[in-house]
Amino acid sequence: MAHSKDIMRFASLAAFLLAGSCAAPSNDGGGQFSDPEQNHPITVEPDYHTLRLPYSASDAGLMPDDAARFSLFVADFLAGGNGAISISAPQGPSANAAIGYFGERLAQYGVPRDRILVGQRADGGDGKIELGYVAYKAHVENCEPGGDWSKDWQDNVDNAPTLNYGCSVQHNLAAQLSDPRDLVQPRAMDASDATRRNTVMGHYEKGEVTQADKHTADKSVEQSGQSSEIQ
């Protein structure tokens, strides 16, 4: 009888260890895991964006094509730029006028003035104004071209993952990130709505319904304590 109990205990322990080994990402000993995030990690890298535009005089403005490029550049900065945007003009008598012109245009597009850096550079070159900012991009190393079929995966008794396992999924995730900085650290929370919080607490203390009316549009006052019908 004791011998049978020992066998059962051994079988239970073996089953427990086997279940534990399946729960964690496995490594085939060659650096390959069953977790795509370990095999093909997404890294976040800084990416410097620049735009060079000709400038003649403030009253001349920009040519339509240059104005469109400028608008798109500023929109990309506001959407995903990090830190400040810089304006660099060649040294010369018109440098300050050029910097002032582009600085005002950036402010008109909604760029805070404390995020605009200006300066002059010695290399006159083509005389163009250069704008630049740093953004971040998500990067995943390229998958093996056409797949890595160096191993005969029909002979895979340990059920190890292929070298390209999860690579395309990781690439798709990286491409869908609106702001890769979210992988580095979470965004700061918006300020709380003190007015709404006081309204809800007032209804709660009176024993009234605290939720807002979701079915009546364009109401001038809040109707948190009333019911409504869907029209």
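All of the numbers you see were taken from the coordinates with simple rules; none came from a lab. These numbers come from a predicted model, not from an experiment. Note that we place each Cβ from the backbone using ideal geometry, even for glycine, and neighbour counts take in every protein chain shown.
Figures for the structure shown
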item: Unit charges on C-beta of K, R, D, E only; dipole of the stretch 43-139, Debye; result: 140 debye
item: For the stretch 94-122 and the stretch 174-188, distance of Cα centres in Å; result: 28 Å
item: Average Cα contact separation per residue, the stretch 43-139, under 8 Å, 6 or more apart, as relative contact order %; result: 51 percent
item: Radius 12 Å from Cβ of residue 72, net charge of other residues (Lys, Arg +1; Asp, Glu -1); result: -2
item: Residues residue 113 and residue 91, FRET efficiency given R0 of 30 Å [Cβ-Cβ distance, rounded to 0.05]; result: 0.80
item: Efficiency of FRET from Cβ geometry, residue 208 and residue 72, R₀ 41 Å, rounded to 0.05; result: 0.25
item: Radius ratio Rg over Rh of the stretch 43-139, counting only Cα atoms, Kirkwood formula for Rh; result: 0.97
item: Inter-label distance, nm, simple model (7 Å from Cα along the C-beta direction), residue 159/residue 175; result: 3.1 nm
